[in-house]
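A.B. asks: Can you read through this structure? Questions will come right after.
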Amino acid sequence: MTNFVLVPGAWLGAWAWEDTARALRERGHAALPLTLTGLAEHADQGGPETDLDTHIADITGFVERNDLRDVTLVAHSYAAAPVTGAAGRLDDRLERVVYVDSAPFAADMCMLDLMPPQAVDQLRHQVSASGDGWRLPMPPFEVLGLSSSLDGLDEGQRDALRSRATPQPFGTYAQRLTGPGRARSRCGPCPGRVP
């Protein structure tokens, strides 16, 4: 039996893993979807200080509190950043890491590094104009589809995504992963809140 800790991408909560978790449990595995701080049912726990360090701590804390061993961390999309950071801290508890619609995250990178400067400027403007200076609302599907895969999602799943998505704490996009398991500085001039 494997302990799968399923970490959702930006704007999502544990709910996004319901079908996958069910399929893994049917095969005899422990499937533990995790909602990160500031998202879904934990939206009210987020704030301007919520950043990559916060999400790394969410993952490592979850594994340690539940005394999990032989853990397979599964990262969807954005979750590659905090999962890569958490993997560096979990040592002998970790069996493997699986990346879905993503890849291992490199040290000294942040999510904003993966985007062209015009897109970063647009995100900063969006956070400032409609995210209270720290929240990034989920973009429309036609924009989201430019950088993320929506393949295989039927209309019901797209409706669930539209209705259940919550704004992403922007600090999670702006903070750099500075080494195995550590995140510190911010990408560019963003100090966490957008002016």
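The values are calculated or read from the model by the stated rules, or taken from the named source; none is laboratory data. If you're wondering where the values come from, they're calculated on a predicted model, not measured in any experiment. We place every Cβ from the backbone using ideal geometry, glycine too, and count neighbours over all the protein chains shown. With ligands, DNA and RNA removed, areas are computed over all heavy atoms of the protein, side chains included. Shrake-Rupley method; radii C 1.70, N 1.55, O 1.52, S 1.80 Å.
A.B. asks: Of all residues being closer than 18 Å to Ser163 by Cα and of a type in the set (Gly, Ala, Ser) in the range 113-141, which is surrounded by the most Cβ atoms within 10 Å (Cβ to Cβ)? Just the residue, please.
C.D. replies: Gly131
A.B. asks: Farther than 12 Å from Pro48 by Cβ, at pLDDT 65 or above, open to solvent by less than 40 Å² (accessible area, probe 1.4 Å) and out of contact with any helix residue (DSSP H, G or I) (no Cβ under 6 Å at 6 or more places or on another chain): does that describe Leu177?
C.D. replies: Judged against the criteria, Leu177 is not a match.
A.B. asks: Of all residues in the range 118-144, count the ones that are part of a loop (DSSP other than H, G, I, E, B) and modelled with pLDDT of 90 or more.
C.D. replies: 5
A.B. asks: While we're looking at this one, here's another question. Can you pull out the residues in the range 96-117 that are charged (D, E, K, R) and modelled with pLDDT under 95?
C.D. replies: Within the range 96-117, Asp101, Asp108, Asp113 meet the criteria.
A.B. asks: Can I ask one more? Quick check on Gly13: is it touching a strand residue (DSSP E or B) at 6+ places or on another chain (Cβ under 7 Å) and of a type in the set (Gly, Ala, Ser)?
C.D. replies: Taking the combined requirement at face value, the residue does not satisfy it.
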